[in-house]
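I have placed the structure first, in the form of structure tokens, so that the comments after it can refer back to it.
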Amino acid sequence: MATGSRPWGGLLLLLPLLLLPAACRAGGECAAEGGPLEPFDALYASGVEAYYGGDFAEAARCLERALRSRRELRAARLRCRRSCRGQVRLAAPVAGAGGDLLFFDSVLRRAACLRRCEEPRLGAASRHRAAEEVRADFQRRVPYSYLQRAYIQLNKLEEAANAAHTFFMANPEHMEIQQDIENYKTMAGKVNLVDWEARQHMEDYSAGVKHYDKEEYELAIDFLERALKGYYSEDEDCQLMCEGPQRFEEHEYLDYKAGLYEAVADHYMQILACKHDCVRELATRSGRISPIENFLPLHYDYLQFAYYRVGDYVKALECAKSYLLFHPDDEDVLENAGYYEGLLEGTMDPDTVKPRKEAKALLRRHKLESHLLQVAAAGLGYTYTEPNYWNRYGARQDEHSVPSSISSEPEDGPRLSLTKKPMPKPDRELKEGGPLLYSDVKFVYNSQQLNGTQRVLLDNVISEEQCRELHRVANGIMLAGDGYRGKTSPHTPNERFEGATVLKALKYGYEGRVPLKSARLFYDISEKARRIVESYFMLNSTLYFSYTHLVCRTALSGQQERRNDLSHPIHADNCLLDPEANECWKEPPAYTFRDYSALLYMNADFEGGEFIFTEMDAKTVTASIKPKCGRMVSFSSGGENPHGVKAVTKGQRCAVALWFTLDPLYRELERIQADEVIAMLDQEHLGPSEMNINPKDEL
């Protein structure tokens, strides 16, 4: 129920052009290939300029080369750093005067090696120092957004679909791209899309977990072992890439006057912090901020049970012991390891089975990095807090079964379970079933009947007459695109969206443009809805308005034939739904402060438009609700309640959409202003609507 998706405004997208020298932008053409590697930011700028100039073939060519140049730049740096690390070993300092000369001699020789290796292919290092804004665009995969639109102009539908999919994988909140993908599937008949920037170790991990869930243990082992191999290879690359230029964050570079050892320590600590964070980097999907919790240890947790199921008890014990390196107090896996040892007794000594060497080496290095960073924080004035990189019970819980404690095994088998490990305790106790406060409000379904968590369906929240009056207000105050950053079709090109806020309604009423009593009705029914939600879910603290929006969506004539999209794609209200990973990332640009949501419907004289709840996969529908006057659905706003709206194929569907927060810092500003307008109206004795929001007929 997001009110709009993040636009890539023209000014933001042209920013790379403004950051480059004029020579790099002239003509809108990317230079011919050959010689040193062309800087990816210059190619990107040329591609963007060609795009806005309408030369889509040149735009596609430059953008493809920009993406390729960036990949080749990384590959060249990795190759040279790996080669020079092998050719020039850093010497240890020795005691006595000049004892550090051997060490610095090796540093100088390695630096010279790197320059000799890189310059023939890359040219001067300064050519590849892209601006931060440009690097951020590539991190967010913005070039693929341009590329897919250039491809569609060139009638390259398959390439356009894959480019759109690649962009969408890092920007799942981008509704327009999501709709573009659906259109490409229809136009090109393409179902299997390719993520051109996919990280192979994560793809293999996801495939392994899917096979595990299907009890296809041989395949699960193949993919998870491949994922581990890829992970450790990527970890080595990540470590090497951290050895590039760093910023002296607390110093102006030109005025930097630190001594030799302070300067070395400053630079090295930033490199070390980068290397230490590779664990997080390798567990974080593109476009996300938060990593998959417990990512590396989970590989071993899945494998220990998969190997048991295929009868390889040595590998099962090996993986269990590897997992215990990270979580030595995990009772389930300790018990499993003991069971595997029992199976091996008599055939071999279980003590000869050791944890995997690569896991031990990584954990040993990680602990040493942590120690050095904390020493620096204490002695050199750095600010550093060690994250919990191996947290088992993080704020997000994926839907994959975690292979500890399977109660369906024989009594003498390992106690492994297909149920999830304990969920983290929420910051509030989840309850429901409180009083509805108004005798005319009719309870319909609770969470269990709606196949979910923290859900409720109610009828008769407002009367037929109030629906008609509210609809008349809507027709008098709504503007196309209001609440959607001016976009008249923010979620689908096949419908027109119009909206209005409470404050706008009251202002129109005060100015006499709509009846004041009718304008106030919008204010009063939203307050009634808030009270009902707060009471039904038995909240112990005040529920505040976060955003209130009267919205109508109208089917556009001539655009409903063979339509296969949604009126509002599947999403969650306070996190970024990632169906591929079965995750919902509670991070910006999601409205992370929202706690509860509600939709109060005003009419039923339209076709389509059913509200649906789904599983985290955004495909499996768990409940479908047909709107009608006075019906209200309310639910908690997190990843436990993905939802969307089916296509409105005829007529107009209107509703009051409400989002609430328990945090007063995120109260809706317009609501506060509306409260002030109401107070002013009461002082002028203009009176409330006929609807009493302080019920005397509470249950």
Rounded accessible area of His211 (nearest 10 Å², 1.4 Å probe): 40
Which residues does a label at Glu429 reach in the range 614-640, if reach means a backbone N under 20 Å from a point 7 Å past the Cα toward the Cβ? 636
Please state, to two decimals, what the Cα-based radius of gyration of the range 84-140 comes to when divided by 2.2 N^0.38 Å (N = residues). 1.65
Short version: what are the Cα gyration tensor semi-axes of the range 565-684, square root of 5 times each eigenvalue, largest first, in whole Å? 28, 22, 10
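Which order do Thr592, Thr554 take by accessible area at a 1.4 Å probe, largest first?
Values: Thr592 50, Thr554 25 Å².
Ranked from most to least accessible, the order is Thr592, Thr554.
For the range 442-685, which whole-number percentage of the solvent-accessible area (1.4 Å probe, protein heavy atoms only) is attributable to carbon and sulfur atoms? Mind dumping the intermediate values first?
Values: 4490 of 9390 Å².
C and S fraction of accessible area: 48 percent.
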Need the list of aspartates and glutamates near Lys507 for cross-linking: C-alpha distance under 14 angstrom, and skip anything on the same chain fewer than eight residues off. Glu670, Asp675, Glu676
Using a 1.4 Å probe on the protein heavy atoms only, what accessible surface does Thr661 show? Give it in Å² to the nearest 10. 0
According to a simple spin-label model (label point 7 Å from Cα along Cα-to-Cβ), what is the distance in nm between Gln139 and Asn388? 2.6
Label Lys626 and Asp329 with points 7 Å out from Cα along Cα→Cβ: what is the distance between them in nm? 5.5
A student asked for the Cα radius of gyration and Dmax of the range 277-331 in angstrom ought to give 13.3, 39
So how much accessible area does Ser463 have, in Å² to the nearest 10, using a 1.4 Å probe? 50
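Give me the extension gain from Asp459 to Arg116: residue separation times 0.36 nm, minus the current Cα-Cα distance, reported in nm with one decimal. Show your work: numbers first, answer last.
Values: separation 343, 0.36 × 343 = 123.48 nm, distance 7.51 nm.
Here the segment from Asp459 to Arg116 would lengthen by 116.0 nm.
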Please report Rg (one decimal) and Dmax (integer) in Å for the Cα set of the range 442-685. 17.4, 56
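Taking a 27 Å limit on the Cα-Cα distance, which of the listed pairs Lys431/Lys528; Lys315/Lys586; Lys156/Lys650; Lys354/Lys586 fall beyond it? All intermediate terms of the calculation are to be shown ahead of the outcome.
Numbers: Lys431/Lys528 20 Å; Lys315/Lys586 36 Å; Lys156/Lys650 32 Å; Lys354/Lys586 38 Å.
Check vs 27 Å cut-off fails for Lys315/Lys586; Lys156/Lys650; Lys354/Lys586.
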At 7 Å along Cα-to-Cβ for each site, give me the label-to-label distance between Ala263 and Arg667 in nm. 5.4
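Give, to the nearest whole percent, the P(r) tail of the range 538-594 beyond 19 angstrom, counting all Cα pairs. Please list the in-between numbers first.
Numbers: 896 of 1596 pairs.
Everything past 19 Å amounts to 56 percent.
The values are calculated or read from the model by the stated rules, or taken from the named source; none is laboratory data. Here the structure is a predicted model, which means the values were calculated and not measured. In this analysis, Cβ positions are derived from the backbone assuming ideal geometry, glycine residues included, and neighbour counts consider all displayed protein chains. Each accessible area value is taken on the protein alone, full model and side chains, heavy atoms only, with ligands, DNA and RNA left out. Shrake-Rupley method; radii C 1.70, N 1.55, O 1.52, S 1.80 Å.
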